[in-house]
Amino acid sequence: MRSGRGIQVAAGCFVGALVASCSSDPAPPALPAPFAQADCQGQLVEVVRFSNTYPDVLNVGMSNNLATDGATLFLAYSFSSSGAFANSGLPASGGVVAVPLAGGPPQVVAAADVARTSQWGTGSFWVGGGQIHLQTEGQLTSLPADAATPATLDVVISELLSVAYTHDAEFGYYAAAGGGHGIYVGKVAIDGGSQSTLVDEPLGAPEVGGMADAGDALLLQVRWQTDSPSNPAFSRVWRIPKDGSPRSEVRSDVAWADPLTYPRWLAWDGDEIFGPVVLDSRVVQARVTAAGSSAPIPTRFDGTMVTRRGDEILSLQRVSTSTSSDPILVVASSKGAPAGQVLACGGEARSPLFALPVGIAATDDEIYVAYGTGDDTVIARVAP
């Protein structure tokens, strides 16, 4: 996942602006059906609401502030307002709160020191093996997920504008562009081991987009350009082996979108890449086979939040429709149709910050989302 560019919220049409294929493709894939209100069979059922609470404002846009270990949801938030009208019950300086799925009150498991900051944030946030993991570039902190007393969070500030993150069971990975490095990719051991370098290339005008875990390798969207003004920027997807072997390019025949102009997520379902490509001058989140030369298949995915459940990609996105002046939240799945399938829609109309995607997490049986609405942050469950 990518972070570091502030609040980036995609508010465009769901699929109405998508175009089928490149003009050079002799048999373009079928255009996904336009989004319609009739697709919204499911709904979002509120689980808990944190009043006067705001998501990690450094993260919202290309990362995920909701995680689960199967029995508990964990929400990372930036700050909670104080004063006469504040009633969230959460520390004002930001932190991580646990929500038991079996019922019971939420519990603060980590909080920033209010004497050091009024607003906390982290680059990447996930939960696994009974630990909460927080990473900002090369600094990775792990905390017990069931501690009896809340842990105190470090305040780590990133000075880079282009950073991407992903992780597996042993390492946290990050890619950074600029800062004197060109494009740098490093891995940090979760157990407290040292950082190691996977890529360090001094490329001109670098930018990183989405990054995904693909088993023995990472997939990273990048762009760069040479010093020659006649050379356009190169947009590529790299395959970066985790063992430190040289990186390679994946499907250089595909017109990958420029992550500087069109920042989007990248995902891997175990067989195909889901990422932003240019089809007939439009940017589309498409399925792309990692090998061969088959044409990208445009999907109905868009937006800013994504998670993987087995071989399924789940997305939370904000959608504008032709039938309403208020946007709605849409949860979509890669299962059921090549272009994706809508699982649920929801949100609250006419809120000043209506339908601000914050996170998405899934167990084997359930899907949960977090979103901002007005002055509140809500966690909801996807229901038929």
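The values are calculated or read from the model by the stated rules, or taken from the named source; none is laboratory data. Note that the structure is predicted; figures quoted are calculated from it, not measured. Please note: Cβ atoms are built from the backbone with ideal geometry, for glycine as well, and neighbour counts cover all protein chains shown.
When the residues of the range 147-163 are narrowed to those that are in a loop (DSSP other than H, G, I, E, B) and modelled with pLDDT of 90 or more, which ends up farthest from A189 (Cα to Cα)? Selected residue: T149.
Would you point out which residue out of D200, D213, D227 is under 25 Å from S248 (Cβ atoms), acidic (D, E), out of contact with any Pro (no Cβ under 8 Å at 6 or more places or on another chain) and surrounded by 18 or more Cβ atoms within 10 Å (Cβ to Cβ)? Matching residue, one of D200, D213, D227: D213. Filtering the range 261-284 to residues that are surrounded by 19 or more Cβ atoms within 10 Å (Cβ to Cβ) and under 17 Å from the mean Cα position of the chain (by Cα) leaves P263, R264, W265, L266, A267, W268, I273, F274, G275, P276, V284.
Among the residues of the range 285-313, which ones are hydrophobic (A, V, I, L, M, F, W, C) and either surrounded by 24 or more Cβ atoms within 10 Å (Cβ to Cβ) or part of a loop (DSSP other than H, G, I, E, B) (or both)?
First, pick out the residues of the range 285-313 that are hydrophobic (A, V, I, L, M, F, W, C): 286, 288, 290-291, 295, 297, 301, 305-306, 313.
Scanning the range 285-313 gives A286, A290, A291, A295, F301, M305, V306, I313.
Residues that are under 21 Å from R381 (Cα atoms) and among the hydroxyl-bearing types (S, T, Y) were ranked within the range 284-329; the one that is modelled with the lowest pLDDT is T304. Residue count for the range 167-184 satisfying the condition of being touching a residue at least 24 places away in the same chain (Cβ under 8 Å), assigned to a strand (DSSP E or B) and either in contact with an Asp or Glu (Cβ under 8 Å, 6 or more places away or on another chain) or small (G, A, S) (or both): 8. Which residue pairs have Cβ atoms closer than 6 Å, lie 6 or more positions apart in sequence or on different chains, and pair a first residue in the range 289-315 that is over 11 Å from V330 (Cα atoms) and hydrophobic (A, V, I, L, M, F, W, C) with a second residue that is modelled with pLDDT under 90 and surrounded by fewer than 22 Cβ atoms within 10 Å (Cβ to Cβ)? If the second residue must be modelled with pLDDT under 90 and surrounded by fewer than 22 Cβ atoms within 10 Å (Cβ to Cβ), the pairs left are A295/S21; A295/D25; I297/P29; I297/P338.
Put simply, of A332, A344, A355 the only residue that is touching a Phe, Trp or Tyr at 6+ places or on another chain (Cβ under 7 Å), under 25 Å from A286 (Cα atoms) and either hydroxyl-bearing (S, T, Y) or modelled with pLDDT of 85 or more (or both) is A332. Look through the range 191-210, keep the residues that are of a type in the set (A, V, I, L, M, F, W, C) and assigned to a loop (DSSP other than H, G, I, E, B), and return whichever of them is nearest to E170 (Cα to Cα). Filtering the range 191-210 for residues that are of a type in the set (A, V, I, L, M, F, W, C) and assigned to a loop (DSSP other than H, G, I, E, B), the one nearest to E170 (Cα to Cα) comes out as L203.
May I ask you to say which residue of A164, A148 is without any contact (Cβ under 8 Å) to a residue 12 or more places away in the chain and either closer than 26 Å to S93 by Cα or touching a Phe, Trp or Tyr at 6+ places or on another chain (Cβ under 6 Å) (or both)? Full working, then the answer.
Working: A164 fails: without any contact (Cβ under 8 Å) to a residue 12 or more places away in the chain.
The unique qualifying residue is A148.
The single condition among (1) over 19 Å from Q285 (Cβ atoms); (2) part of a strand (DSSP E or B) that L220 does not satisfy is (1).
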